[in-house]
Amino acid sequence: MNEDTAEGFVFDFGGPSEEIPVAACSSNAPLEAANAVPNWLGPFVCAADVVRMWSSAYPTAVPRQLALQLSEGATVLYQTAARVAALEGDGKDSRDIVPGKYYGGLKVWSCAPDLATYVHSHLELVAGKRVVEVGCGQAVPLIAAALSGAIAVTGHDYNQEVIDICTLPNLAASLALRPDVQCSIQTGYGDWETSFLEGGAGAFDVIIGSDVTFDPTACTKLAALLARLLPHDGIALIATKQYYFGTNGGLGEFEEAVQKSANGQLTVQRVLRLGDGNEMQRHIVLVSWKR
Ligand SMILES: C[S@@+](CC[C@H](N)C(=O)[O-])C[C@H]1O[C@@H](n2cnc3c(N)ncnc32)[C@H](O)[C@@H]1O
């Protein structure tokens, strides 16, 4: 599925798109310490020394630095995919997804810049909010949330290696450009089924995720996670391709999984469609509780 990644792509947001306005959520409860369990780090205040510490991983771990300019003064720095043979297999047989072991977090996938751009152009959805990115990988949308006024950002991935090599260094490098940004930072790793069990529910106002709907299992687990984590006035923004060839996930699969979860009490609204007829369409959907 290498062609699905954003690496080496020119991000083109000028193509056909259809946008539906979304109401902002209002919750602003205090941050729960979700790090009382293993596999969690933080929350850290976004202080210069922490940023410097994480940045130190950057030059060795990163083959090449890439940038997504969201607006003047808001730049997301990310990287070409680091190789970790223990996750992907050796060079001859490296795979984007190795079930039970690795789900593609080392590289940036094509919906990530869509979601980052959406978040930054809808500041009202994240400003003053506690935002978690599930399946964050390189955390391009999460960094966009931090640059858009979120007060706390949490990156969560299946793999600790991804958090260490990608998530934290990208956050550090991007936020080092913006010392005025004051938000707390937290990371965690593990399976969605077993993470977030303590301190998770009620800890986040906004849940975001991109290309986390790539197969039926991911859709089912993600829908169950949203049902557990989403506060009643919260929202989740999920960026997904219409369909993922080879792994059979996508928009329809995710919508169905959400509708089956939580006794049918969650709704999915399509808020943005990108891509023309010649390419696979990409969508952003908003999940919330029925009112
Ligand atoms: C295809 S990658 C997308 C990475 C990133 N969001 C992007 O768009 O560039 C899917 C992500 O979902 C995460 N993921 C998939 N299944 C998961 C699970 N069961 N528990 C935790 N994370 C999972 C992986 O760690 C991975 O980072």
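Derivation of every value follows stated rules applied to the coordinates shown; laboratory data play no part. Keep in mind that what you see is a predicted model, and the values were worked out from it rather than measured. Methodologically, a virtual Cβ is constructed for each residue, glycine included, from the backbone with ideal geometry; neighbour enumeration extends over all protein chains shown.
Set the Förster radius R0 to 30 Å, insert the Cβ-Cβ distance between Gln242 and Trp289 as r into 1/(1 + (r/R0)^6), and round the FRET efficiency to 0.05.
With R0 = 30 Å, the Cβ-Cβ based efficiency is 0.75.
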Beta bridges per DSSP with both ends in segment 201-291, % antiparallel, nearest 5 = 75 percent
task = Determine, for His232, His283, His156, the number of other Cβ atoms within 10 Å of each Cβ, and report the residues in order from fewest to most.
result = His232, His283, His156
query = Once fully extended, how much extra length lies between Arg83 and Arg178, figured as 0.36 nm per residue of separation less the alpha-carbon to alpha-carbon distance?
reply = 31.3 nm
inquiry  = Under 5 Å between amide hydrogens, which residues at least 5 positions from Cys183 or on another chain qualify, with H placed 1.01 Å from N in the peptide plane?
reply    = Cys46
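Give the peptides 115-124, 78-87 in descending order of average Cβ contacts within 10 Å, highest first. Working shown, then result.
Details: 115-124: 21.6, 78-87: 17.8.
Going from most to least packed, we get 115-124, 78-87.
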request  = For segment 102-213, compute Rh as the Kirkwood radius over C-alpha pairs and then the Stokes-Einstein diffusion coefficient at 25 °C and 0.890 mPa s; write the answer in µm²/s, rounded to an integer.
outcome  = 180 µm²/s
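Full extension from Arg228 to Thr75: what is 0.36 nm times the residue separation minus their Cα-Cα distance, to one decimal in nm?
Working: separation 153, 0.36 × 153 = 55.08 nm, distance 3.23 nm.
Extra length available between Arg228 and Thr75 comes to 51.9 nm.
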query = Which of the residue pairs Lys107/Lys221; Lys101/Lys129; Lys101/Lys290 have a Cα-Cα distance greater than 29 Å in the structure shown?
reply = Lys101/Lys129; Lys101/Lys290
task = Round to the nearest 0.05 the FRET efficiency obtained for Glu124 and Val98 when R0 = 45 Å and r is the Cβ-Cβ distance.
result = 0.70
